[in-house]
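Participant: Let me begin by handing over the structure; questions about it come next.
The values are calculated or read from the model by the stated rules, or taken from the named source; none is laboratory data. All figures in this text were calculated on a predicted structure; none of them were measured in a lab. All Cβ positions, even for glycine, are placed from backbone atoms using ideal geometry, and neighbour counts span all protein chains on display. Keep in mind that these areas ignore ligands, DNA and RNA; they rest on the heavy atoms of the full protein, side chains included. Shrake-Rupley method; radii C 1.70, N 1.55, O 1.52, S 1.80 Å.
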Amino acid sequence: MTDSQVQQAYAARASEYTTILGAIDDMHEPDRNRIEHWAQQISGRIIDAGCGPGHWTDFLHKRGADISGIDLVPEFIESARLRFPDVPFQVSSLRALDEADGSLNGVLVWYSLIHLPPADLPPVLCELARVLSPQGHLLVGFFDGESAEPFDHTVAPAYYWSVAQMCSLLHDAGFDVIDTETRQDPGGRPHAAISAIAR
């Protein structure tokens, strides 16, 4: 899907999405623990890339992180600014981040890459590497499955990635993988997370 198509799909359901999935209490405890622990290792600026309703951005802001949120969907950003007025948010695409080379110390991309067509994922990972300083931290959350296999996501078409393939793509983009995690929650799709650092 193009950025415009994803933007329109989420804009049409932004209020519904925020109601159902826009609060930190709705998130799984292992995810809260992992993301908090990841951010505690970082000294310096972090962006929550594809922040959606902004709940993860606010979660880390409240724990002392120097973090801002970006998202493609203006409706998400408008809502996040109202709900979390102490946290900076702006509209932006992951394909062209408004950040200088090597200017960030951390990037959180929690289920922000799932709608990218498979051919578009490598250049976006390279863009994430571009904005991170050497040894800058990346945390990726995605759905674990057959690489590049599409599935019917509630809002817009999305893709599974295997942990092995995502690790390979991250390596090619300039990252060293630190650790990986997979989990199958009852009634949910298989989950995966990868922590990596920029070379």
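Participant: Under 8 Å between Cβ atoms, at least 6 apart or on separate chains: pull out the pairs that start in region 126-138 with a residue that is under 15 Å from Val177 (Cα atoms) and at pLDDT 95 or above and end on any residue that is in a helix (DSSP H, G or I) and not small (Gly, Ala, Ser).
Facilitator: His137/Trp38; Leu138/Leu128; Leu138/Leu170
Participant: I'd like to check something: does region 28-51 contain any residue that is at pLDDT 90 or above, assigned to a loop (DSSP other than H, G, I, E, B) and under 14 Å from the mean Cα position of the chain (by Cα)?
Facilitator: yes
Participant: Ok, one more. Cβ-Cβ below 6 Å, separation at least six or inter-chain, first residue in region 83-96 and over 15 Å from Ser112 (Cβ atoms), second of a type outside the set (A, V, I, L, M, F, W, C) and surrounded by 15 or more Cβ atoms within 10 Å (Cβ to Cβ): which pairs?
Facilitator: The qualifying pairs are Phe84/Gly54; Phe84/Asp58; Val87/Thr57; Val87/Asp58; Val87/His61; Pro88/Ser68.
Quick grid of which residues meet (1) in contact with a Gly (Cβ under 7 Å, 6 or more places away or on another chain); (2) open to solvent by 10 Å² or more (accessible area, probe 1.4 Å); (3) within 10 Å of Ile47 (Cβ to Cβ); (4) among the small types (Gly, Ala, Ser):
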site	(1), (2), (3), (4)
Gly69	yes, no, yes, yes
Ile77	no, no, no, no
Leu82	no, yes, no, no
Gln90	no, yes, yes, no
Ser93	no, yes, no, yes
Leu97	no, yes, yes, no
Asp101	no, yes, no, no
Tyr111	yes, yes, no, no
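Participant: Every residue in region 121-146 that is over 25 Å from Asn33 (Cα atoms) and crowded, with 16+ Cβ neighbours inside 10 Å, please.
Facilitator: Within region 121-146, Leu121, Val124, Glu127, Arg130, Val131 qualify.
Participant: Please identify the pairs in which a residue from region 168-187 that is β-branched (Val, Ile, Thr) has its Cβ atom under 8 Å from the Cβ atom of a residue that is open to solvent by 60 Å² or more (accessible area, probe 1.4 Å), counting only partners at least 6 apart or on another chain.
Facilitator: Going by the 8 Å Cβ cut-off, the qualifying pairs are Val177/His171.
Participant: For region 16-27, indicate whether the set of residues that are open to solvent by less than 20 Å² (accessible area, probe 1.4 Å) and either under 29 Å from Pro122 (Cβ atoms) or touching a strand residue (DSSP E or B) at 6+ places or on another chain (Cβ under 6 Å) (or both) is non-empty. Explain how you work it out, then say what you get.
Facilitator: Going through region 16-27, the residues open to solvent by less than 20 Å² (accessible area, probe 1.4 Å) turn out to be 22.
This time we only want the ones that are either under 29 Å from Pro122 (Cβ atoms) or touching a strand residue (DSSP E or B) at 6+ places or on another chain (Cβ under 6 Å) (or both), so: none.
No, there is no match, as no residue in region 16-27 is open to solvent by less than 20 Å² (accessible area, probe 1.4 Å) and either under 29 Å from Pro122 (Cβ atoms) or touching a strand residue (DSSP E or B) at 6+ places or on another chain (Cβ under 6 Å) (or both).
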